[in-house]
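Okay, structure first, notes after.
The values are calculated or read from the model by the stated rules, or taken from the named source; none is laboratory data. This structure is a prediction, so every number in the text was calculated from the model and none was measured. A quick note on method: Cβ atoms are made from the backbone with ideal geometry, for glycine too, and the neighbour counts reach across all protein chains shown. Each accessible area value is taken on the protein alone, full model and side chains, heavy atoms only, with ligands, DNA and RNA left out. Shrake-Rupley method; radii C 1.70, N 1.55, O 1.52, S 1.80 Å.
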Amino acid sequence: MPFEWPTADEMMYRVARLRRLVALAVMVPVIVLFVAASIDPISLPADRATLAAVAMAVLVVGHIALFPNVTLETISLSLSVSFLVISVPWIKAVAQWAPAEHASAALVILIVFAVALTGVVMAILQIGLNALVYAGPALRLRLKTTLFVPCSPTVAHRQCAMQPQTRRGRVLTGQADEDGFFDVAVVAPHHSDPEQPDHPLIVKLVAKVLESTPEHHDVMMVLQNGSVTVTSQRFTAVDGGCQIAVSDMPGDFTLGMHAMFWLTDQQADNLTETTDVIIGQEARANGLAHGVSLLSVAGTLLSPQTPVVDRAK
């Protein structure tokens, strides 16, 4: 899915939904900067550290607003740029080694090299973090979230509950067999199919409704790797609408995956994607946004590819 500039509503939603990621990505450089300022106040005065911290916060928020589906890149950006900022005094010191008439040119060259090195460090950190996320055994921890919707529980149940032979946004389900199992296909627009890079990835699984009443809906989902996830939804009438409570028990989440799920508030984003249809809200969920990253954009700019004439074939 190509990059798309977000609307004002989408930007506000992304920052609000990814508030935990924003807090983490801002907290790390702020701590690094002020620790460095306290250790060496001459090279990094408190006022400059404060200004750098504000700039880092703006950079992180801007990155999340433009690239909402690259969580690890956001964290890597925060870490790598933090080290770039605290290394500026050292860069200036090294530039002074050059003859006086060439000191300014040496400083510019060193800064360019430092920025390029920051990009390399960012990519390496992202690879390392990605390995950590999927490392370790699966932990069966329950994930919970709630969301208010201005509609009746009946409407919320009909729109949100996964059932056979329905289509809800990017989720399509098939007919149930004699045992109650039915096929489910979920389009992931921010991921590309490895075999067809020009097409979005379609995740396929099998599901079965365990129990369904007007007040709750329980579904078991079996992924292609054999792991089982159980999702329970509760629909409670409240003043002005319905309170939807979702509880998931994933069968293949590692500790890192749980952390990622929590940082991105993924449950609430999935629920928002569905409930926006009910209230007539313009689609804003991160699950529907592009998966373009800052590094991929930089790679395209630095190393553009020649268009392939017969790509459509």
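Yes/no matrix, rows are residues, columns are (1) of a type outside the set (S, T, N, Q); (2) loosely packed, with under 12 Cβ neighbours inside 10 Å; (3) in a helix (DSSP H, G or I):
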| position | (1), (2), (3) |
| --- | --- |
| LEU110 | yes, no, yes |
| PRO137 | yes, yes, no |
| LYS144 | yes, yes, no |
| CYS151 | yes, no, no |
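The rows are residues; the columns are (1) surrounded by fewer than 19 Cβ atoms within 10 Å (Cβ to Cβ); (2) without any contact (Cβ under 8 Å) to a residue 40 or more places away in the chain.
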position	(1), (2)
HIS217	no, no
GLY226	yes, yes
SER232	yes, yes
THR236	yes, no
SER247	yes, no
GLY251	yes, no
THR254	yes, no
TRP262	yes, no
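Quick one: would you say ALA103 is more than 33 Å from the chain's Cα centre (by Cα), loosely packed, with under 15 Cβ neighbours inside 10 Å and of a type in the set (Gly, Ala, Ser)? Criteria met by ALA103.
The number of residues in region 159-173 being assigned to a loop (DSSP other than H, G, I, E, B) and not charged (D, E, K, R) comes to 7. Set side by side, the residues VAL60, VAL32 differ, and just one is under 18 Å from the mean Cα position of the chain (by Cα) and modelled with pLDDT under 95, which is VAL60.
Output the residue which, of all residues in region 53-69 that are of a type in the set (A, V, I, L, M) and open to solvent by less than 20 Å² (accessible area, probe 1.4 Å), is farthest from ARG14 (Cα to Cα).
Taking region 53-69 as the starting set, the residues that turn out to be of a type in the set (A, V, I, L, M) are 53-61, 64-66.
This time we only want the ones that are open to solvent by less than 20 Å² (accessible area, probe 1.4 Å), so: 53, 56, 60, 64-65.
On the way: ALA53: 21, MET56: 18, VAL60: 12, ILE64: 7, ALA65: 6 Å.
If we take residues in region 53-69 being of a type in the set (A, V, I, L, M) and open to solvent by less than 20 Å² (accessible area, probe 1.4 Å), then ALA53 is farthest from ARG14 (Cα to Cα).
Highlighted here are the strands (runs of 3 or more DSSP E) found entirely within region 203-313 that include at least 3 residues which are among the β-branched types (Val, Ile, Thr): 228-238. If I filter region 264-288 down to residues being open to solvent by 10 Å² or more (accessible area, probe 1.4 Å) and small (Gly, Ala, Ser), which single residue comes out as modelled with the highest pLDDT? Looking at the filtered set, the residue picked out is ALA283.
Listed residues ALA156, ALA176; which is outside any strand (DSSP E or B), in contact with a strand residue (DSSP E or B) (Cβ under 9 Å, 6 or more places away or on another chain) and more than 21 Å from LEU288 (Cα to Cα)? Quick ask: steps written out before the conclusion?
Working: ALA156 fails: more than 21 Å from LEU288 (Cα to Cα).
Going through ALA156, ALA176 in turn, just one is outside any strand (DSSP E or B), in contact with a strand residue (DSSP E or B) (Cβ under 9 Å, 6 or more places away or on another chain) and more than 21 Å from LEU288 (Cα to Cα): ALA176.
Restricting attention to region 163-171, does a residue exist that is among the hydroxyl-bearing types (Ser, Thr, Tyr), over 24 Å from the mean Cα position of the chain (by Cα) and under 24 Å from GLN281 (Cα atoms)? Yes, the conditions are met somewhere in region 163-171. Taking the criterion of being among the hydrophobic types (A, V, I, L, M, F, W, C) and in a loop (DSSP other than H, G, I, E, B), the residues of region 74-99 that qualify are TRP97, ALA98.
Within region 182-203, track down each residue that is at pLDDT 90 or above and either open to solvent by 60 Å² or more (accessible area, probe 1.4 Å) or in contact with a helix residue (DSSP H, G or I) (Cβ under 9 Å, 6 or more places away or on another chain) (or both). Before you say what the answer is, go through the steps one by one.
First pass over region 182-203, keeping only residues at pLDDT 90 or above: 182-185.
Hit for region 182-203 is ASP183, nothing else.
The set of residues from region 156-181 being open to solvent by 50 Å² or more (accessible area, probe 1.4 Å) and under 14 Å from THR231 (Cβ atoms) comprises GLN163, ARG168.
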